[in-house]
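S.K.: Shown below is the structure under consideration.
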Amino acid sequence: MLTFKQGAALGVSYLTAHRALFHKLHVKPKETIFIHGASGGVGAAAVQLARAHGMRVLGSAGSVVGSQVVNEAGAHEVFNHKENGYLDKVMAATENRGADVILENLANVNLENDLKIVADHGRIGVVGSRGSIEINPRLMMMKESSIIGVMLFKVSQSEIDEATTKFRKLAEDGSLKPIVGKTFNLVDASLAHKEIIEGGCAQGKLVLEIE
């Protein structure tokens, strides 16, 4: 069973991750996925859903605490994306073939690197970006890789029904456990927004409480 706080953390993050993995990237069991920025709400949700689907899950975070969140979510291996050389470690973890699938949470920073570490014919799903980035299209050409945008608000009701049915089953068997980060009172909602913008490494999902 989930707590009320976990239930509050479920909606947007898990629906976004579900849409990305199963309706846009069409992930398969035994594939390797690298979740670039896995300590936030969508990233941690994707870790749990990918694990439950039988994938090999690699994730990154930008701090020790963030790495602990990714481990708690169930990633097989975790990398600090603020360390020099972390991309080489990701490649080594895939025996230098690259990740079959990459889920990108900050494309304006990482997309060029994603193109370097994705496998031949791999798929990159973009679920977050805070600006623009210049990339080298030849990296896509050489690997015949794909970049796929994901937007939750394009979701259909049938897709929501499918996802919530799956979430219920995964929650019952313990595979789905939303990770709650900081909690704010509703009257302090502005502080929650400030935390998202200025807080650095994400740590689970922020929750607003009503008293």
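The values are calculated or read from the model by the stated rules, or taken from the named source; none is laboratory data. These figures come from a predicted structure and were not determined experimentally. Note that we place each Cβ from the backbone using ideal geometry, even for glycine, and neighbour counts take in every protein chain shown.
S.K.: Have a look at 100, 120, 114 and point out the one that is in contact with a helix residue (DSSP H, G or I) (Cβ under 9 Å, 6 or more places away or on another chain), among the acidic types (Asp, Glu), on the phi < 0 side of the Ramachandran plot and crowded, with 20+ Cβ neighbours inside 10 Å.
M.R.: The unique qualifying residue is 114.
S.K.: Also, I was wondering about something else. Quick check on my filter: what residues within segment 152-205 are within 21 Å of the chain's Cα centre (by Cα), hydrophobic (A, V, I, L, M, F, W, C), modelled with pLDDT of 85 or more and surrounded by 14 or more Cβ atoms within 10 Å (Cβ to Cβ)?
M.R.: 152, 155, 160, 163, 167, 170, 171, 176, 179, 180, listed by residue number.
S.K.: Those residues that are in a helix (DSSP H, G or I) and not hydrophobic (A, V, I, L, M, F, W, C), I need them from segment 157-177; list them, please.
M.R.: Scanning segment 157-177 gives 157, 158, 159, 161, 162, 164, 165, 166, 168, 169, 172, 173.
S.K.: Turning to a different aspect of this structure: Only helices (runs of 4 or more DSSP H) wholly contained in segment 1-73 count here; list those with 3 or more residues that are among the hydroxyl-bearing types (Ser, Thr, Tyr).
M.R.: 11-18
S.K.: Kindly indicate whether any position in segment 49-66 is of a type outside the set (A, V, I, L, M, F, W, C), touching a residue at least 12 places away in the same chain (Cβ under 8 Å), touching a Gly at 6+ places or on another chain (Cβ under 8 Å) and crowded, with 24+ Cβ neighbours inside 10 Å.
M.R.: Among the residues of segment 49-66, at least one is of a type outside the set (A, V, I, L, M, F, W, C), touching a residue at least 12 places away in the same chain (Cβ under 8 Å), touching a Gly at 6+ places or on another chain (Cβ under 8 Å) and crowded, with 24+ Cβ neighbours inside 10 Å, which makes the answer yes.
S.K.: Here is a follow-up. So which of 51, 130, 123 is modelled with pLDDT under 95 and of a type in the set (Lys, Arg)?
M.R.: The conditions single out 130.
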